[in-house]
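First up is the structure itself, then whatever we jot down about it.
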Amino acid sequence: MIRVLVNGARGRMGSQSVEAVAVHPRLDLVGQTDRDDSLEQVIADTRAEVVVDFTVASVGYENCLKILSCGAHPVIGTSGFQDRQVAELQQRAKEAGLGGVIAPNFALGAVLMMKFAAEAARYLPHMEIIELHHDKKEDSPSGTSLRTAEMIRDARTRAPDLPPDRPVVPGARGAALHHIPIHSVRLPGLVAHQQVLCGGEGETLTIRHDSLSRASFMPGVCLACERAPQLDSLVYGLESIL
């Protein structure tokens, strides 16, 4: 049994993680923390081996540092990390001799969506991303869309020929990352959704994933909790452990 603590336990994803870990046959839920708790103290008191963090972008980086400093393995679902922050956390984990997982998305279907988009980029380099989330999500673009853009960049065999950009209203073409427009939608009623639009000569291809319930993330969360103590580095993306 792997001793697991869930941080952000009163939030939407955190509370769902608590339920999933509690019934998993190989995981032992030893603690739940939220913003008013001392994360370091509870890790010490519970002797947690793995700490799941589902909080908000503004504190996720610091939480991961705390987890590593306490000698626990982080499983981070909080999004909004910058590339340099991921690199810094990976270096800290290496120095501490600890493995763990930072995953922009724990849904298995979302991981497949990103892999399919990367494969399509080899043949249809003109691509745009539309990501849609609930209105309480703090960061935009989403971590999933940023990771998707990185995977597309790495898979492309040639850069697309971009048309002139003359928006009448600033921002009409969305944010741009690696020559890929990313459009963020935030509305009540949504959970987590993303589509990648690919355009070619006389054709289009749409790759879409929809999380209709937060239960879709739980198999990936539990898998990361099981694998984290076996890892010797802090990996980025659930695809790294599938």
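Please treat every number below as a calculation from the coordinates, not as lab data. Here the structure is a predicted model, which means the values were calculated and not measured. All Cβ positions, glycine included, derive from the backbone under ideal geometry; neighbour counts span all protein chains shown.
Tabulated data for the structure shown
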quantity: For peptides 28-34, 169-175, 46-52, 151-157, sequence by mean Cβ density within 10 Å, most packed first; calculated: 46-52, 28-34, 151-157, 169-175
quantity: Amide hydrogen neighbours beyond the local backbone of residue 100, cut-off 5 Å, H modeled; calculated: 233, 234, 235
quantity: Karplus (6.51, -1.76, 1.60) ³J(HN,Hα), θ = phi - 60°, over region 196-206, in Hz, Gly and Pro reported as x; calculated: 10, 9, 10, x, x, 5, x, 7, 9, 9, 10
quantity: Distance between region 215-242 and region 103-143 - C-alpha centres, whole angstrom; calculated: 18
quantity: Cα gyration tensor shape for region 12-59, rounded if a/c is under 1.5, else prolate or oblate; calculated: oblate
quantity: Under-5 Å amide H pairs with residue 28, H placed in peptide plane, nonlocal only; calculated: 2, 3, 4
quantity: Whole-Hz couplings from phi, Karplus 6.51/-1.76/1.60, listed for region 174-189; x for Gly and Pro; calculated: x, 7, 10, 9, 6, 6, 10, x, 10, 10, 10, 10, 10, 9, x, x
quantity: Rounded, prolate or oblate (a/c below 1.5 giving rounded, otherwise prolate when a/b exceeds b/c) for the chain by Cα gyration tensor; calculated: prolate
quantity: Listed peptides 160-166, 97-103 by packing density, highest first (mean Cβ within 10 Å); calculated: 97-103, 160-166
quantity: For 12, 84, order by how many other beta-carbon atoms lie within 10 Å, fewest first; calculated: 84, 12
quantity: Under-5 Å amide H pairs with residue 177, H placed in peptide plane, nonlocal only; calculated: 182
quantity: Among beta bridges that DSSP assigns inside the chain, antiparallel share in %, nearest 5; calculated: 45
quantity: Two-site label geometry, residue 187 and residue 62: point separation in nm, points 7 Å out along Cα→Cβ; calculated: 3.5
quantity: Region 193-235: GluC sites (Glu not before Pro) falling in loop per DSSP and having at most 13 other Cβ within 10 Å; calculated: 201
quantity: For region 108-212: rounded, prolate or oblate by the Cα gyration tensor [a/c cutoff 1.5]; calculated: oblate
